[in-house]
Amino acid sequence: MERDNQLKLYGQVADRLKEAHTTVRALQVPEGVRMALSRKLLVITAAAKHDLPDAARRLDRLMKDLDEGRFPEGD
């Protein structure tokens, strides 16, 4: 049963990461900001390989920030 829940969460996180990448590509922000957001998504993707629940929380936090118009500083 635990494995089923893990697989379900993995599928949800994968779908949400795909949506997040699409959202970031569509944002009208400077290229440096877009790159910073892409890096954050790559870090979340890497974290999902080791700690899926933490990656899901990080993704929630990032998407909430985007929804509220909070963007990282670009390089």
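The values are calculated or read from the model by the stated rules, or taken from the named source; none is laboratory data. Remember, predicted model here, so these are calculated numbers, not experimental data. Here the Cβ positions follow ideal geometry from the backbone for every residue, glycine too, while neighbour counts run over all protein chains shown. In case anyone asks, the SASA skips ligands and DNA or RNA and just uses the protein heavy atoms, side chains included. Shrake-Rupley method; radii C 1.70, N 1.55, O 1.52, S 1.80 Å.
Tabulated data
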quantity: Matching residues, the stretch 26-59, being touching a residue at least 12 places away in the same chain (Cβ under 8 Å), hydrophobic (A, V, I, L, M, F, W, C) and assigned to a helix (DSSP H, G or I); calculated: V33, M35, A36, L37, L41, V43, I44, A48, L52, A55, A56, L59
quantity: Count of the stretch 1-57 residues which are in contact with a helix residue (DSSP H, G or I) (Cβ under 8 Å, 6 or more places away or on another chain), open to solvent by 100 Å² or more (accessible area, probe 1.4 Å) and within 21 Å of F71 (Cα to Cα); calculated: 1
quantity: Count of residues meeting criterion [open to solvent by less than 90 Å² (accessible area, probe 1.4 Å), assigned to a helix (DSSP H, G or I) and more than 18 Å from L9 (Cβ to Cβ)] in the stretch 60-75; calculated: 2
